[in-house]
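None of the figures in this text is laboratory data; all of them are computed from the coordinates on show. Bear in mind the structure is a predicted one, so any value in this text is a computation, not a measurement. Please note: Cβ atoms are built from the backbone with ideal geometry, for glycine as well, and neighbour counts cover all protein chains shown.
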Number of protein chains: 4
Amino acid sequence: MAERILVQGNEAVGWGAVSAGVEAFFGYPITPQNEITEWFARELPKRGGVFVQSASETGSINMLYGGASTGRRVITSTSSPGWALMQEGMSCLANAELPCVIVMVQRAGPGQGTTRHAQMDYFSVTRGGGQGGYKNIVLAAASVQENADLVQLGFHLADKYRNPVVMLTDAVIGQMAEPLELRTLDLGPLSPKDWALGGKGAHADGKRRVLSCGQGQVPLEPYTTYLQFIRVLDQKYRTMQEQEVRYEKYHLEGARLVVVAYGYCARVSKEAVAQARKEGLKVGLLRPITVWPFPYQALKDLALGGAGFLAVEDSLGQMVDDVKLGVEGKGEVHLLGMLARHADTDAGMILPQRVLQEIKKVYPGGH
Amino acid sequence: MAERILVQGNEAVGWGAVSAGVEAFFGYPITPQNEITEWFARELPKRGGVFVQSASETGSINMLYGGASTGRRVITSTSSPGWALMQEGMSCLANAELPCVIVMVQRAGPGQGTTRHAQMDYFSVTRGGGQGGYKNIVLAAASVQENADLVQLGFHLADKYRNPVVMLTDAVIGQMAEPLELRTLDLGPLSPKDWALGGKGAHADGKRRVLSCGQGQVPLEPYTTYLQFIRVLDQKYRTMQEQEVRYEKYHLEGARLVVVAYGYCARVSKEAVAQARKEGLKVGLLRPITVWPFPYQALKDLALGGAGFLAVEDSLGQMVDDVKLGVEGKGEVHLLGMLARHADTDAGMILPQRVLQEIKKVYPGGH
Amino acid sequence: MAERILVQGNEAVGWGAVSAGVEAFFGYPITPQNEITEWFARELPKRGGVFVQSASETGSINMLYGGASTGRRVITSTSSPGWALMQEGMSCLANAELPCVIVMVQRAGPGQGTTRHAQMDYFSVTRGGGQGGYKNIVLAAASVQENADLVQLGFHLADKYRNPVVMLTDAVIGQMAEPLELRTLDLGPLSPKDWALGGKGAHADGKRRVLSCGQGQVPLEPYTTYLQFIRVLDQKYRTMQEQEVRYEKYHLEGARLVVVAYGYCARVSKEAVAQARKEGLKVGLLRPITVWPFPYQALKDLALGGAGFLAVEDSLGQMVDDVKLGVEGKGEVHLLGMLARHADTDAGMILPQRVLQEIKKVYPGGH
Amino acid sequence: MAERILVQGNEAVGWGAVSAGVEAFFGYPITPQNEITEWFARELPKRGGVFVQSASETGSINMLYGGASTGRRVITSTSSPGWALMQEGMSCLANAELPCVIVMVQRAGPGQGTTRHAQMDYFSVTRGGGQGGYKNIVLAAASVQENADLVQLGFHLADKYRNPVVMLTDAVIGQMAEPLELRTLDLGPLSPKDWALGGKGAHADGKRRVLSCGQGQVPLEPYTTYLQFIRVLDQKYRTMQEQEVRYEKYHLEGARLVVVAYGYCARVSKEAVAQARKEGLKVGLLRPITVWPFPYQALKDLALGGAGFLAVEDSLGQMVDDVKLGVEGKGEVHLLGMLARHADTDAGMILPQRVLQEIKKVYPGGH
């Protein structure tokens, strides 16, 4: 039977990466993800892996690029201001089709904002920040266990598609402690990384790729035109949308109101939904596990079944757009955003009672 | 009568900025916006203004920050890879509520992509790239004259809202030549910049702002809590959405199909719409001039009137999401994206014939 | 009579800048200079100036560039890792001949090293780091009062020569508290900044400069060839070397051994010299106040008079090269470097007793 | 017999790296080193290696860091403005003791200066730019063959000392074409890279290093105090100074005047020396091959033998300081710097005739 230990969500990221056979971590400390950096510093070298503390997130993302290009399983971790510094690098990694995992523990912005939790980077994470409209698979964890499991899944999907994968989480999940089952997921076989640097003369075929993030002075091999390259990306993104959508259903059967939430807000919302059910309201929760690709079809089906929707997110309104894009006007869509934070202190979270209150307010036909 | 000269779209940016009383330009050369940098280098110093060539776009955006904080009318200009490097700075400018204008001439990505035109940065421009989900007003020019006029309008709105404004354009508009009427728009009065550095002892009131992009070691003055600050931003963004939506209507009366396009694709689409009208099809064009805030209500009204929609954009599909968000499932929404480029060469544009062909294909009830 | 207050060295930087009429501060917090950032955040806005917290030192130096180009008195402050990030910007500021003051509170390296004091950045500060072998005037403070006075002098010299000036200090000086006399130094008249952005049409002469950091797409005005530009720089640097050398003499009369030290090591050495004098040793101290230009001639004169030399610096040996370059083999030159730190803790300083011990060891003819 | 091919100096860098078994190149195009980037883009993938075009030199140096930390033989290449952007990364690489090779093709500064040759970055290359006073071994090539050979030697020394090595060259050497003998130098055995990421379970000893560039949140393993770490660096640098000094002697026997020059200036000077010898002057050339460590002792010996010195370098005077530090006042030291460029055009070099003229001018006892 698998071992269970009590750890923080941020530490679980490390355990998940080790289960996935991570070989190198590159990162720079930033609140509220510091426990991730510290975990890799302490634990990875003992296990034969490499830990590198960069001097900035611009450094981290380029180290990740360097490490990924040698064919290694590499990871970095950051929070929102660091994420902004990684935007050019992310776009270049997408262009070079290099597999890697970026863990993103959201905090509040804009600018340096506060060091506390928030969910304000949904757009730049799911729409491809920086330049060029590329796409990342974005996995959104809502528990300590998922912080570990989704990192494993992330490495697998990154290799499968030769694409960066973002594991999106937040400070509330990162700093809570829960039991973690140490387990290696069976995710199936992968092709050899024959596009990368090889050892011992194994790659005498002359087919190695130029890993370029530009067209011009260097060729865009193996593609011969820019449009050909874009078609390949487009096809890849379509395949992801068809095959990689993941979400959790909770009390969706017969729901007249569907709460949609990810990350810590999904946990808070689950509690509110459970209470609402106790009080006789037909309320359910749809929790996207992939926020890109987003479970549009599931939302549309629920809307066609007559449900209304309440998006709960700790921002001024970002994921709610994806809910609307899924629902396509077939049902009401409401938003409970960050202004609903409990205001006693700046650290005020959106609390279950507040979600319950909003559920009652927008419940179809009133309550 | 106003003077008219024949200039390129990129040069018109300079003329517009001068009409707006621009005081300093900070920028780094990048194709396809080089004519902008060159224009300011050549023309601004002669007019008493300052031209600074930065060493990178990270430099430009921070110089812009420095200049804006002294209360000057400042501008920068870049293209997509440079835009990515500006993401952290943009978010900090939004946090510090500093007025400035960023001209963004889109080129193809991801990574360094190509130096040619595209419309692939719509998401990071309209959703607030980097971190923190802030908002910029984004003005999208579709002619040489608009490249000048919208820069003027941009300076006005930036000052009015103490917020960065992005003037979004593309390489096709930037490199075409058309007659430009040199004119100073009458945009109404503005409040004095009493939040900035003053001269001559005028600011002895001790009320100057701390222009911070962080909370922590320095105060977030004049706000006392983070949530208070977010409420101010939220209210500002709502006001912009209520008061600043701008768009052009073309043959919308009785239209059964509405083409939605911005930038060069709007011009191409206009030609296709004109031809379709000649052929008896009830087709119109809605051209957003502000892509944020987006003309959602106008689209919804058209949808409620029975129209279908065709989004035409030179990307894999970004603005089409805003069309869907406006239409809310009240009408069909189709996309003609960058894979429809004429493929003879890499520089292939989406051409009017191709748009016309798609109009006929998706025209309600067939054709 | 001037007011005297008890402040830390880092805070004195702020008082000095205000006496010089500073208009804007741009900076990012980094230990051990945080009290400087905090002082400007708290005090400058009250006095009508602008405080901007950048998001990185790359940001700070470019904001400084932007602010300086508008003709304002601008300052930034950092410590060693931040200094490294400023290297490209420093070189561009030198190229554009823009006056500004950079306060540099040294800490230990390489890399991020420790947050404690050191004197390991002497070379990159005095030799022009980054690229291009430009020169900064570098003023080295050895007391709280000097932290204020040399910032004032720095602004004056920056304007006089249109050149960046570095005020070099360290964590020991920055964090000690001493009485500070609040005073405005009488440094003489300066030319108007007619090269910068002007107000109210005052600059209708069409002679404004292009503030470029490159040659190529933009002109290098007002110079017509690169070599002409280099001759101007060369002449400027020669004038500085002839006119701006400053140093303190302590017990140099008849000294057989001259200790040479700057910053905190000068204070430590002064104590040791006083003790050595009490013990009958003919020892003196030469303390460079400008470490560039360095007091080569004074050292040569002392060497020709028969003295030997002991360089005391908290590094592996950098300033000692300047001592040798001054002495030109006319006397013995010894080094007491950072390996002489008192090793009880990592924070170990070079202590007066240790300097005294070394004085006795290298004293000519023994002791 | 070894094959000989006719190539440019910049291309020879690639051939040398391949002979050394280079595994990955990370770099960004910049004049005048573009042929290096292009060579690796074209040739390295064919040979099973990885080529990555970064998006800036900040990217390159961090990719290099990432790649080096996995134990691979990695290289980057840049010119002066790019060098400035690498300063923080260089210092961190020195701190982490990671072997790698940086090829630096000097161009003129400060700022972006010109794209033409110069020798103005000697100080930041030899003194450790950025922060912390670390040291690189710096190899200075003066021929196409050396551009290849010294890259090989560089990789060997980098691994031997676990330290970055800079191969310093210039645009004149880089763009001239000469025959290159393709050869693999026999440089002796090296220790296994057991500090890095390993394959095949070979590293089960739990002794892997934390590759940190900071002290604080992460440990500075395997060192227990900062001072202990500095002692290790100090000892390493001393060993380099004792064992790795390399230089070329040309007509030094009985020389009354010794010209000291590196890079293209050494070639120009050699021609002048040959001519001077023909004319009966006792002139020789000492060409440092390692500019750090510098051949101080050789210069001192020559000075003690009665020689005078003429430093020839294409800067305002940098290497001349090292000549003075070697000579220690035992002989006259003159400088022929970049103001002696032939001024017909901006590209003006220091020409042999000009060196010969200066030789005659400063020749001891006149001529």
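The amide H of C:Val259, built 1.01 Å from its N in the peptide plane, has C:Gly284, C:Leu285, C:Leu286, C:Leu310 as neighbours under 5 Å, considering only residues 5 or more places off or on other chains.
Using r as the Cβ-Cβ distance of C:Thr239 and C:Lys46, and R0 as 51 Å, what FRET efficiency do you calculate, to the nearest 0.05? Mind showing how you got there, number by number?
Details: r = 38 Å, r/R0 = 0.75.
E(calc), rounded to 0.05, equals 0.85.
Label-to-label distances for D:Gln297 across copies, nearest first, come out at 3.7, 7.7, 8.5 nm, using points 7 Å from Cα in the beta-carbon direction. Ranked from largest, the principal axis spans of the Cα set of the protein assembly as shown equal 102, 72, 60 Å. Extending 7 Å from the Cα toward the beta-carbon at both D:Leu182 and D:Lys361 defines two label points whose distance is 4.6 nm. Rounded to the nearest Hz, the phi-derived 3J(HN,Hα) couplings of segment B:125-131 under the Karplus curve 6.51 cos²θ - 1.76 cosθ + 1.60 (θ = phi - 60°) are 6, 8, 9, x, x, x, 10, where x marks glycine and proline.
Taking a straight line from the alpha carbon of B:Lys160, these lysines sit under 25 Å away, with near neighbours fewer than eight places off in the same chain left out: B:Lys135, B:Lys193, B:Lys200, B:Lys207, B:Lys236, C:Lys46, C:Lys200. In a DSSP loop and with at most 15 other Cβ atoms within 10 Å, the GluC sites (Glu not before Pro) in segment B:288-359 are B:Glu332.
Each Lys and Arg Cβ is given +1 and each Asp and Glu Cβ -1; about its Cα centre, segment C:227-305 then shows a dipole of about 100 debye.
Would you calculate, for the protein assembly as shown, the mean residue ellipticity at 222 nm contributed by helices, counting each DSSP H stretch of 4 or more residues as -39,500 (n - 2.57) and dividing by all residues, to the nearest 500?
Working: 52 runs with 564 residues, N = 1468.
Per the formula, -11500 deg cm²/dmol.
Considering only A:His342, A:Val268, A:Leu281, the residue lying farthest towards the positive end of the dipole of segment A:248-362 is A:Leu281, judged by Cα position with unit charges set on Cβ. For D:Gly21, nonlocal amide neighbours, meaning residues 5 or more places apart or on other chains whose placed amide H falls under 5 Å from its own, do not occur.
Think of chain D as a dipole: +1 on every Lys or Arg Cβ, -1 on every Asp or Glu Cβ, centred on the Cα centre; then among D:Tyr226, D:Thr70, D:Gly14, D:Tyr226 lies furthest on the positive end. Take D:Leu6, push a point 7 Å out from Cα through the beta-carbon direction, and compare it with the same point in every other copy: 4.8, 7.8, 8.0 nm, smallest first. Highest mobility in the GNM of chain C, judged by mean-square fluctuation with C-alpha springs under 10 Å and restricted to C:Gly27, C:Gly48, C:Gly284, is found for C:Gly48. Rounded is the label for segment D:4-181, because a/c, from the alpha-carbon gyration tensor with a ≥ b ≥ c as root eigenvalues, stays below 1.5. Shortest first, B:Met176 label-point distances to identical copies amount to 5.3, 5.5, 7.0 nm, with the label point at 7 Å from Cα along Cα→Cβ.
In chain D, the beta-carbon sitting nearest the axis that superposes D on C belongs to the residue given here with its distance in angstrom, D:Gly329, 1. Averaged over peptide A:77-85, the number of partner chain Cβ atoms lying within 10 Å of each residue's Cβ comes to 5. Peptide A:113-124 is shielded by partner chain Cβ atoms: per residue, an average of 6 of them sit within 10 Å of its Cβ. Candidates B:Gly326, B:Phe294, B:Gln353 compared by Cα position along the dipole of segment B:257-367: farthest toward the positive end lies B:Gln353, with charges placed on Cβ.
In the neighborhood of B:His251, defined by Cβ-to-Cβ distances under 14 Å, what is the net charge if each Lys or Arg adds +1 and each Asp or Glu adds -1? Value of the local net charge: +3.
Dipole size in debye (nearest 20) for the protein assembly as shown around its Cα centre, Lys and Arg Cβ +1, Asp and Glu Cβ -1? Intermediate results must be reported in sequence, preceding the final value.
Numbers: 148 positive and 148 negative charges, 1 e Å.
Charge dipole of the protein assembly as shown: 0 debye, to the nearest 20.
Using Cβ counts within 10 Å as a stand-in for footprinting exposure, how do D:Val268, C:Val13 rank, fewest first? Display every interim value, and only then the final one.
Values: D:Val268 24, C:Val13 31.
Starting with the residue having the fewest Cβ neighbours, the order is D:Val268, C:Val13.
When C:Val7, B:Val52 are sorted by how many other C-beta atoms sit within 10 angstrom of their C-beta, beginning with the fewest, the order is C:Val7, B:Val52.
Evaluated with a Cβ-only charge set (Lys, Arg +1; Asp, Glu -1), segment C:4-181 carries a dipole of roughly 240 debye about its Cα centre, given to the nearest 20. Counting every other Cβ atom within 10 Å of each residue's Cβ, C:His342, C:His117, B:His251 order from fewest to most as C:His342, B:His251, C:His117. With the convex hull constructed from alpha-carbon coordinates only, segment D:248-362 shows a mean projected area of 6.4 nm² over all directions.
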